[in-house]
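The values are calculated or read from the model by the stated rules, or taken from the named source; none is laboratory data. It should be emphasised that the depicted structure is a prediction, and the values quoted were computed from it without experimental measurement. Cβ placement follows ideal geometry from the backbone for every residue including glycine, while neighbour counts extend to all protein chains displayed. Each accessible area value is taken on the protein alone, full model and side chains, heavy atoms only, with ligands, DNA and RNA left out. Shrake-Rupley method; radii C 1.70, N 1.55, O 1.52, S 1.80 Å.
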Amino acid sequence: MPSVYLSPSVQDFNTTILGESEEFFMNLIADAMIPYLEASGITYGRNDPGMTLAQVIAQSNAGNYDFHLALHSNAAPDHLVGVLRGPDVYYYATSTPGRAAAELFASNLQKIYPEPSAVGIIPSTTLAELRRIRVPSNLIEIAYHDNWADAVWIAENIEAIAANLVLSLTEYFGIPFVNLY
């Protein structure tokens, strides 16, 4: 049975244009993923919103997980606030399984995001949740929380995003996806 560590953002200080935090929305997505994970036979561990990033990484590395999935929403630089849109899927630049997972997540997100061409895949060697995790990992910026259309898309599509992410995990693990609806 494959196992994943869910790491929704612990950034309660990152306020979205809707007034709630990035942490709030990413935890809603993680909550909605759990029934799909269980139905599809994927065990999971999860961070606690009160943890620091260092604690999240330590807890993930201490567990017997096959994949680490960090969930975030993005914010544009000051001069582009409200302009940038779309999900970005980050993977550790030299990780072949991380890249393979990122391609699955991006391909599936293109099927539910309103502007499929805005979905990106980005290699990184600097993000801690990629660089310091001992198993393959992805960090997904679901969409831009400082862009009204993206923030509303996240808020109105929690269930669809959750199911889509678990679909990608099942494809990565080579197991059937159990759709609950």
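Report yes if ILE142 is β-branched (Val, Ile, Thr), crowded, with 22+ Cβ neighbours inside 10 Å and at pLDDT 95 or above, otherwise no. Reasoning before the result, please.
Working: β-branched (Val, Ile, Thr): yes; crowded, with 22+ Cβ neighbours inside 10 Å: yes; at pLDDT 95 or above: yes.
Judged against the criteria, ILE142 is a match.
Which residues, taken from the stretch 143-164, are within 18 Å of GLU23 (Cβ to Cβ) and either among the basic types (Lys, Arg) or touching a helix residue (DSSP H, G or I) at 6+ places or on another chain (Cβ under 6 Å) (or both)?
ALA143, TYR144, HIS145, ILE154, ILE158, ILE161, ALA162
Which residue pairs have Cβ atoms under 8 Å apart, sit 6 or more places apart or on different chains, and have a first residue in the stretch 59-82 that is closer than 19 Å to ASN27 by Cβ and surrounded by fewer than 17 Cβ atoms within 10 Å (Cβ to Cβ) and a second that is β-branched (Val, Ile, Thr) and modelled with pLDDT under 95?
Once the first residue is closer than 19 Å to ASN27 by Cβ and surrounded by fewer than 17 Cβ atoms within 10 Å (Cβ to Cβ) and sits in the stretch 59-82, no partner that is β-branched (Val, Ile, Thr) and modelled with pLDDT under 95 comes close enough.
Name the residue that is modelled with the lowest pLDDT, counting only residues in the stretch 168-181 that are of a type in the set (A, V, I, L, M) and either open to solvent by 50 Å² or more (accessible area, probe 1.4 Å) or outside any helix (DSSP H, G or I) (or both). Spell out the reasoning first.
To start, the set of residues in the stretch 168-181 that are of a type in the set (A, V, I, L, M) comprises 169, 175, 178, 180.
Restricting the remaining residues to those that are either open to solvent by 50 Å² or more (accessible area, probe 1.4 Å) or outside any helix (DSSP H, G or I) (or both) gives 175, 178, 180.
Values: ILE175: 98, VAL178: 97, LEU180: 91.
Result: LEU180.
With respect to the numbered conditions (1) in contact with a strand residue (DSSP E or B) (Cβ under 9 Å, 6 or more places away or on another chain); (2) crowded, with 17+ Cβ neighbours inside 10 Å, which one is the sole condition not fulfilled by ARG131?
(2)
Output the residues belonging to the stretch 133-161 that are in a helix (DSSP H, G or I), among the aliphatic types (A, V, I, L, M) and in contact with a Phe, Trp or Tyr (Cβ under 8 Å, 6 or more places away or on another chain).
Here is the first cut: in the stretch 133-161, the ones in a helix (DSSP H, G or I) are 148-156, 158-161.
Keeping just the survivors that are among the aliphatic types (A, V, I, L, M) gives 149, 151-152, 154-155, 158, 160-161.
Residues satisfying the conditions are ALA151, ILE154, ALA155, ILE158.
Is it the case that some residue within the stretch 53-68 is acidic (Asp, Glu) and assigned to a loop (DSSP other than H, G, I, E, B)? Write out each step before concluding.
If we filter the stretch 53-68 for residues that are acidic (Asp, Glu), which is where we start, we get 66.
Pick out the ones that are also assigned to a loop (DSSP other than H, G, I, E, B) and you get 66.
Yes, some residue in the stretch 53-68 is acidic (Asp, Glu) and assigned to a loop (DSSP other than H, G, I, E, B).
Mind telling me which of the residues VAL10, VAL56 ends up being open to solvent by 10 Å² or more (accessible area, probe 1.4 Å) and touching a Ser or Thr at 6+ places or on another chain (Cβ under 8 Å)? Quick ask: steps written out before the conclusion?
Values: VAL56 fails: open to solvent by 10 Å² or more (accessible area, probe 1.4 Å).
VAL10 is the lone residue from the list that is open to solvent by 10 Å² or more (accessible area, probe 1.4 Å) and touching a Ser or Thr at 6+ places or on another chain (Cβ under 8 Å).
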